[in-house]
Amino acid sequence: GPAAAAASFASSSTAAPAALYDATLPSLPEFATYGRSLAEGVREWLVEPANAATTTGAAATSSSKPKPPTNDEIKLLREALGALYGERNPEKAEELLTRAVAAWERQAPDERAALYRVRGDVYMELDRAKDAYADYDLTVTLLEGPGGELADPAERPAALLGRARSARASGPLGIESAKKAAEDYRVGLRLSSREDWDTDVEMEEDGASRNPYAAWEWGMVRRAAGDSVGAAETHALAAQAFDDVGDRARAVLSRLDAGIDLAGTDDTDQAREVLIRAISKTTSVEGRDVELLQRVIAKEGEARVALASILWSKGEGSEAEAQLGEACVRLDQLDADAAAREKARIKSGAVPPVKVSRAKFSVDDTIPGPGEIGCSRFKNEKFVSETLGWPEGLRVKLAKLERLGK
């Protein structure tokens, strides 16, 4: 079974390990079962299998069978998992897991893969995306090699999505890196499907419907890979999936991104239609999550600038200026509201919210917020291409937009 010792940990007096992505990425409950694969199999080390007495001959004495971990090694792994899932202490977990990884090097590929994948998650919690990528990459290699088929079925999609996310978190992606990440998302979501569909596309859509966060991310890397049409399709899938679970804010964010994707194509009529429809839905977004609402306003402003760019390219100057002006107003209001909230907090003596430093790759942490976006920022090519990730076709239209920010 994958990576011994966790089941013993789970049954001990220490708090049982939460799901891996529930522990490391609280905003991604869709991965609630992935961390449990590491929590299976310890009894294979600690308790003899029911047929142990009848196992004889070469099968029982095969020199190819790895030597079981020692009690000290099992204890080490239990301590590592306890630090991660019980104490929620990734710094401590990283040191213990690194020792456990070394101790488990003689074990089967599926066991080692599980440990590397968990350490990759720890690195993401520590905002060490490049280290995480290396561990996820090794995990995928082990799972796709001899013996990897024995791993829990949830391990490979978790490792593929981890590799794609760590790639996104490592910095702006070049075309080839984005294509590789897009393929990781595609296969990871396909393997996440719980239905036996007839085609890969249907399985990918089913996986996306079960994991709208990853679907949104997939759309972003497809955009970075130059596939604006595919990105729009994927963002539309994410929007529908968010709608299905009642998450209107993130559904609107996804629809706005679908419009931005299309604004990078030659089909300006469709882009215009999608953007106008998506922008109209922003006023219906409500909730108590202030930061999420701020991201919706920021994305609305971004979408209005994109709409102004395509309107200008179509020769509709007055409408383009109207959209640009409204975008600037909305973004100024965003900054003013954030400043007022901060002033009120300081006056009340309230403690500022704790900012956790972890790798950023999702719809919840990569969209610029107050103080990070404004009309003047759209004159900065690096901001538009790297921070916003606008497709080249849209950047060309933006460059032609006159009187930008006035």
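The values are calculated or read from the model by the stated rules, or taken from the named source; none is laboratory data. Computed from a predicted model, the values in this text were never measured in an experiment. Here Cβ is always computed from backbone atoms with ideal geometry, including for glycine, and neighbour counts include all displayed protein chains. Quick note on the areas: whole protein, heavy atoms, side chains included, nothing else; ligands and nucleic acids left out. Shrake-Rupley method; radii C 1.70, N 1.55, O 1.52, S 1.80 Å.
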Under the 7 Å Cα-to-Cβ spin-label approximation, V396 and D332 lie apart by a distance in nanometres of 3.3 nm
Surpassing 31 Å at the alpha-carbon level, of the pairs K281/K360; K92/K355; K179/K379; K180/K281; K281/K397, are K180/K281
At the level of C-alpha centres, the distance separating the range 203-230 and the range 153-178, in angstrom, is 12 Å
Of the accessible area of the range 239-309, computed with a 1.4 Å probe and all protein chains kept, carbon and sulfur make up a percent value of 43 percent
Taking only the alpha-carbon positions of the range 96-244 as identical scatterers, the Debye log10 I(q)/I(0) at q = 0.11, 0.15, 0.16, 0.20 Å⁻¹ comes out as -0.42, -0.76, -0.85, -1.19
Residue separation between K314 and T70 times 0.36 nm, minus their alpha-carbon distance, gives in nm 80.7 nm
Sorted on mean Cβ neighbours within 10 Å (highest first), peptides 113-125, 180-192 come out as 113-125, 180-192
Once the dipole of the range 157-244 is set up from charges on Cβ (+1 Lys and Arg, -1 Asp and Glu), the residue from the list F242, S170, S193 lying farthest towards its positive end is S170
